[in-house]
1. Quick one: count up the residues across the range 49-77 that are in contact (Cβ under 8 Å) with a residue 40 or more places away in the chain and open to solvent by 60 Å² or more (accessible area, probe 1.4 Å).
2. Looking at Ala7, Ala37 in this structure, which one is open to solvent by less than 30 Å² (accessible area, probe 1.4 Å) and in a strand (DSSP E or B)?
3. Looking only at the range 78-90, count how many residues are open to solvent by less than 40 Å² (accessible area, probe 1.4 Å) and modelled with pLDDT of 95 or more.
4. Is it fair to say Leu2 is assigned to a strand (DSSP E or B) and buried (at least 19 other Cβ atoms within 10 Å of the Cβ)?
Amino acid sequence: GLVGRIAGVGKRTSRVILLTDTASRIAVTIESNGQTALLVGDNTRSPPIEFLENPETVQPGDRVMTSGDGGVFPPGLLVGQVTQTQSGRLRVRLAADMQRLEFLLVIRHKSREKISTPASLVGASNIRPRVD
């Protein structure tokens with residue numbers, strides 16, 4: 001399962017922000033219904049899922065995958081399974097056993113396209129200035 005993302009690289013080491021870290025926010029998809037949400041690190045073994053549109057349709061045991069939104073991770077990487085606390089909060093039991101990590105596989109992912117100017121986002125090449 002997914003562990004985190006590389007935040008810095010040195011000559012012989014790399015810094016990884018773990019999914020459990022409070023600085024971590026990743027876009028995820030609930031596999032059973034396709035809803036997207038954010039997995040928000042909170043320094044616990046099972047980070048919470050936030051910004052779900054219909055949390056009542058999510059069940060404990062549903063698989064959580066990367067969504068690919070934001071271009072940080074490719075879509076479809078296993079993150080973990082949904083769990084629910086006694087108070088009803090949805091969390092993710094991570095697929096990776098963080099206590100037993102010895103080696104990591106690094107996946108290089110290039111996002112689809114970079115937006116160089118805000119105008120390229122709205123297709124400004126088709127917009128003509130108004131002349132009065």
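The values are calculated or read from the model by the stated rules, or taken from the named source; none is laboratory data. Being a predicted model, the structure only gives us computed values, none of them experimental. Don't worry about glycine lacking a Cβ; one is built from the backbone with ideal geometry, like all the others, and counts go over all protein chains shown. Note: accessible area is taken over every heavy atom of the protein model, side chains too, but ligands, DNA and RNA are not part of it. Shrake-Rupley method; radii C 1.70, N 1.55, O 1.52, S 1.80 Å.
1. Number satisfying all stated conditions: 4.
2. Ala37
3. As a first pass, look at the range 78-90 and keep what is open to solvent by less than 40 Å² (accessible area, probe 1.4 Å): 79-80, 82-83, 88, 90.
Applying the additional criterion that residues be modelled with pLDDT of 95 or more yields 79-80, 82-83, 90.
Selection size over the range 78-90: 5.
4. No; evaluated as a whole, the condition is false for this residue.
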